[in-house]
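Chemist: Got a structure for you, questions after.
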Amino acid sequence: MMNIEIVPIFDQSVPHVWDDFVRISAAAMRHVYNYKTSEPERRDAISKLQYNWAHSEYSFAFGATNGKTMVGFIYGDCADDTAVIQGLYVMPRYMSRRVGARLLHSAENAMTFVADTVELVSLANAQGFYEYHGYVPISRGSNHYVKQIDQEIRSTVVPVFRPTSLIMDSCDQIAQMNGQRFDDSDAYDVASAHWPMFVHTDAMSQICGFARSQIKNNSYVEQICIDRRCASDIIRNRLARALGGMQITGR
Ligand SMILES: CC(C)(COP(=O)(O)OP(=O)(O)OC[C@H]1O[C@@H](n2cnc3c(N)ncnc32)[C@H](O)[C@@H]1OP(=O)(O)O)[C@@H](O)C(=O)NCCC(=O)NCCS
């Protein structure tokens, strides 16, 4: 039975992530475009993923998993209010089961806090997919697509790949209400570890709680804080469940 979960990948540099990306993209390219990825191309692709990860100010990625196996992924980066999807691929036997749509939707939701627009350059066969999901070519016939993202993200859990000052301010206020503080000491350090973090939005799409985990001084530290005005077990449980699904490694 297929039980596909969409999970944020906060730290792409943990073992196997880029190998999985390349395995899946090679299989999808073979299936859809009859294109065989050579061994040097695979190595080159991994080097590019490594380089992007190390140099991008804001990277994001989601994997679609069936049990422990990654069967699809989306990744990209964000700068100056524009998120760029660098790749979206689904394993052939999982195509046409809404895995691609769920990955795209998860990325758009996560980008709503940090970007106004999502852009991408589409491969030939995926243009219909992106148009179906509201993307428009920047000029007639172009494969460069764009979409404004101004959707409301109400009462849901959203992963935060790197907290912006707006997110940090909201979380700090919520932490203070709970007699705690939101430690932002490594938030601006591109080279720092990318620890799992989620926020929960309320019915007005405002942040009403956050959860994050870190390894500090060799200890696992977890922080979950909810805005006292809307404190609810449901929100706490959702955040705890999201965090609980993450495996984190200290580097
Ligand atoms: C493009 C791709 C990511 C789509 O993923 P997918 O899981 O197969 O697509 P989904 O099942 O999520 O499709 C969602 C919806 O989009 C529609 N759709 C999918 N591909 C479409 C296309 N080429 N044209 C028009 N509509 C399309 C589906 O009909 C579906 O509609 P529904 O929800 O009403 O049933 C996947 O097919 C893939 O990996 N392709 C090869 C690699 C590639 O080209 N990637 C894009 C790189 S930019």
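Bear in mind that the values in this text are calculations on the coordinates, not laboratory data. Bear in mind that the values here come from a model prediction, so they are computed numbers and not experimental data. Note: ideal-geometry Cβ built from the backbone for every residue, glycine included; neighbour counts use all protein chains shown.
Chemist: For the charge dipole of the chain, defined by +1 on Lys and Arg C-beta atoms and -1 on Asp and Glu C-beta atoms about the Cα centroid, which residue among Met204, Ser219, Ala26 has the Cα displaced farthest towards the positive pole?
Modeler: With unit charges placed on the Cβ atoms, the residue in question is Ala26.
Chemist: Across 5 Å bins from 0, what is the distribution of all Cα-Cα pair distances for the stretch 110-201, in whole percents?
Modeler: Histogramming the stretch 110-201 at 5 Å steps yields 3, 11, 17, 17, 14, 13, 11, 7, 4, 2, 1, 0 percent.
Chemist: Subtract the Cα-Cα distance of Arg97 and Asp184 from 0.36 nm times their separation in residues, and report this length gain in nm to one decimal.
Modeler: Separation in residues times 0.36 nm, less the Cα-Cα distance, equals 27.4 nm.
Chemist: About the Cα centre of the stretch 106-153, what is the dipole size in debye to 20, counting +1 per Lys and Arg Cβ and -1 per Asp and Glu Cβ, all else neutral? Before the final figure, lay out the partial values.
Modeler: Details: 2 positive and 6 negative charges, 47 e Å.
Rounded to the nearest 20 debye, it is 220 debye.
Chemist: Please work out the ratio of the alpha-carbon Rg of the stretch 157-244 to 2.2 N^0.38 Å and round it to two decimals. Numbers along the way, then the final one.
Modeler: Values: Rg = 12.3 Å, N = 88, 2.2 N^0.38 = 12.1 Å.
Expressed relative to 2.2 N^0.38 Å, the Cα Rg reads 1.02.
Chemist: Using DSSP, restrict attention to beta bridges with both residues in the chain and report what percent are antiparallel, rounded to the nearest 5.
Modeler: Details: 44 of 48 bridges.
In the chain, DSSP labels about 90 percent of beta bridges as antiparallel.
Chemist: While we're on this one: Just how far, in whole angstrom, is the stretch 96-146 from the stretch 206-228 if you go by their alpha carbon centroids?
Modeler: 31
Chemist: Then there is this: Report the gain in length on full extension from Asn3 to Glu119: 0.36 nm times residue separation, minus Cα-Cα distance, nm rounded to one decimal. Intermediate results must be reported in sequence, preceding the final value.
Modeler: Values: separation 116, 0.36 × 116 = 41.76 nm, distance 2.94 nm.
So the chain would gain 38.8 nm between Asn3 and Glu119.
Chemist: Now a separate question. With the dipole of the chain worked out from charges on the C-beta (+1 for Lys and Arg, -1 for Asp and Glu) around the Cα centre, which of Val160, Tyr75, Asn52 lies farthest toward the positive end?
Modeler: Toward the positive end, the furthest listed residue is Tyr75.
Chemist: Treating only the Cβ atoms of Lys and Arg (+1) and Asp and Glu (-1) as charged, compute the dipole magnitude of the stretch 157-244 about its Cα centre; round to the nearest 20 debye. Present the calculation step by step, with values, prior to reporting the outcome.
Modeler: Values: 9 positive and 10 negative charges, 57 e Å.
The calculated dipole for the stretch 157-244 is roughly 280 debye.
Chemist: Hey, which of these cross-link pairs are over 29 Å Cα-Cα: Lys68/Lys147; Lys147/Lys216; Lys48/Lys68? Kindly include the intermediate steps, with their values, before the conclusion.
Modeler: Values: Lys68/Lys147 32 Å; Lys147/Lys216 39 Å; Lys48/Lys68 25 Å.
Table pairs above 29 Å Cα-Cα are Lys68/Lys147; Lys147/Lys216.
Chemist: Where a ≥ b ≥ c are the square roots of the eigenvalues of the C-alpha gyration tensor, would you call the chain rounded, which needs a/c under 1.5, or, failing that, prolate if a/b is larger than b/c, or oblate? Provide the component values of the computation, followed by the final result.
Modeler: On the way: a/c = 1.81, a/b = 1.52, b/c = 1.19.
Judged from the Cα gyration tensor, the chain comes out prolate (a/c at least 1.5, a/b above b/c).
Chemist: Per q in 0.15, 0.20 Å⁻¹, report the Debye log10 I(q)/I(0) for the stretch 4-148, using one uniform scatterer on each alpha carbon and no solvent.
Modeler: Debye intensities relative to I(0), on a log10 scale: -0.75, -1.40.
Chemist: Please give the charge dipole size of the chain, origin at the Cα centre, charges +1 on K and R Cβ atoms and -1 on D and E Cβ atoms. Round to the nearest 20 debye. Before the final figure, lay out each step's value.
Modeler: Numbers: 24 positive and 27 negative charges, 210 e Å.
So the dipole magnitude of the chain works out to roughly 1000 debye.
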